[in-house]
Amino acid sequence: MKVTVGVSGGIAAYKAAELVRALQQHALDVHVVMTEAAKQFITPLTFASLTGHKVISSLWASPAADSDANLASAIEHIEEAQTIDALVVAPATAGVLAKFAHGIADDFLTTLYLATTAPVIVAPSMNVNMWQHAATQANLEVLANRSVRIVPPGTGYLACGMTGAGRLADTGAIVEAVLAVLHHRNDLSGETVLITAGGTREALDPVRFLGNRSSGKMGYALAEAAERRGARVILVSAPTALRAPANCELVPVTTTAEMRDAVLSRIDQATIVIKAAAVADYRPVTLSDRKLKRTGPRTIELEPTEDILSEVVARRRVGQLIIGFAAETENAVAHGRDKLLRKGADAIVLNDVSREGIGFDSDRNAVTFLTRHTALDLPEMSKCDLADRILEEILGLRRPSLVVAETDSVIEE
Ligand code: CTP
């Protein structure tokens, strides 16, 4: 597999040579792309000697080169972008992170980032104040939401003389992140994953609706991860402020009834169904066609909506995996398992939403992956990492299960 190491201009650039060596020890074909600033810290010759490949930094051939050479150089980033299995940028300076976040493509590395569909890993390294600056943190958040893997810097004595966060992560941690990403590459190819996301809305009048706090982030992270791992993705989404992954089939819906129709009409295409959406359980019996006026106490009569998950299970095809989500505030595991059995899903991803700082609208989450016989805690991590872990567990359901008697003894039902 081919991995491109992007080296940008920070003092830690010299450590990229060690990273190249470490990646090669995992039988990876490593190429190096440098920014102009990186060349102030380490020479391209070092990387060319280590990798046996030409090191690219400019979008253009040398000024003296003829126009054919310049054209060839200018399209090189497109070719490179299409052939790599991962791009890892170490060190990633504040400047490169900002360019990535804003889509500024003014050299080979930043252009490669925009042109590639391969997974991207960044290992930031900079002065502690630059690391903590709101601009850097905002750029990192943008990148994390785009499923860029961030290997956070370590804390310690920095080359600038200050002490704090900003030191390039250990080579081992960066290699681990690259291997994890490569390990997942294409393990979902051949699968069609239907994912529901967001919170449905039930209108009361032309202005108001009954809704819930779901941001859709977990469902979108799952869609992004499934697509990155080679699946065809159908994303049935209630309103969110998020951008859907580039190649998925996005089906926007608003109400529970619309979500039900969208899901059931596509269900036969799906090999895996993940119902991450927070679906309204009730809708108003009557919808006012005029804005309801303030006239003192008001009672709104509600009727139950369709239970989409149960209907999906009722129509299950052989081999289809069906995963539900559950947001609980008390006795989470007991309620989650009850829901799993009642609805007949293969697994439930359980959110304990009483915990602060994770879950709704957060970029981080911690869940329990519940099957009939197991309860696996997936500790707090970014929703992007969690999406990969959840997909791993879902794929694990296809493997022959452990001896049931062993697990039955530890899980009460
Ligand atoms: N779900 C669904 N259709 C509904 C309600 C829920 O498909 N009308 C799905 C959700 O997408 C989720 C799972 O069922 O995957 C569990 O949702 P939850 O709201 O926790 O379950 P409920 O059956 O509504 O139970 P509760 O009484 O706890 O709200």
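Using only Cα atoms, find the angle between the long axis of helix 332-343 and the longest principal axis of the chain, and express it within 0 to 90 degrees, rounded to the nearest 10.
Once rounded, the angle reads 70 degrees.
Which is farthest toward the positive dipole end of the range 2-182 among Val55, Ala159, Val120, measuring Cα position about the Cα centre, with Cβ charges +1 (Lys, Arg) and -1 (Asp, Glu)?
Ala159
Using the C-alpha atoms of the range 192-407, what convex hull volume per residue, in cubic angstrom, is computed?
139
Given a 1.4 Å probe, how much area per residue of the chain is accessible, in Å²?
Here the residues of the chain average 48 Å² of exposed surface.
For a Förster distance of 22 Å, can you work out the FRET efficiency between the beta-carbons of Glu301 and Ala257, rounded to the nearest 0.05?
That gives a FRET efficiency of 0.80.
So how do 372-381, 281-290 stack up, highest first, on mean other-Cβ count within 10 Å?
Descending mean neighbour count gives 372-381, 281-290.
Give me the distance in nm between label points sitting 7 Å out from Cα along the Cα-to-Cβ direction at Asn331 and Tyr282, one decimal.
In this crude label model, Asn331 to Tyr282 measures out at 2.1 nm.
Between 0 and 90 degrees, rounded to the nearest ten: what's the tilt of helix 134-145 against the longest Cα principal axis of the chain?
Tilt relative to the chain: about 60 degrees.
If the chain between Asp170 and Asp187 were fully stretched, how many nm would it gain, using 0.36 nm times the residue separation less the Cα-Cα distance?
That works out to 3.4 nm of additional length.
What do the square roots of 5 times the Cα gyration tensor eigenvalues come to for the range 2-182, in whole Å, largest first, as semi-axes of the equivalent ellipsoid?
25, 18, 17
Report, in debye and to the nearest 20, how large the dipole of the chain comes out about its Cα centre when Lys and Arg carry +1 and Asp and Glu carry -1 on their Cβ.
That gives a dipole near 660 debye.
Note the count of lysine pairs whose C-alpha atoms are less than 27 angstrom apart in the chain, limited to pairs 8 or more residues apart or on different chains.
Close lysine pairs under the 27 Å cut-off: 22.
What fraction, in whole percent, of alpha-carbon pairs in the chain exceed 31 Å separation?
47
Would you mind checking the tilt of helix 171-184 against the longest principal axis of the Cα atoms of the chain, expressed as 0 to 90 degrees and rounded to 10?
50
The values are calculated or read from the model by the stated rules, or taken from the named source; none is laboratory data. These numbers were taken from a predicted model, which means no experiment stands behind them. So basically every Cβ, Gly included, is an ideal-geometry build from the backbone, and we count neighbours across all protein chains shown. To get the accessible areas, we keep the full protein, side chains included, count just its heavy atoms, and leave off ligands, DNA and RNA. Shrake-Rupley method; radii C 1.70, N 1.55, O 1.52, S 1.80 Å.
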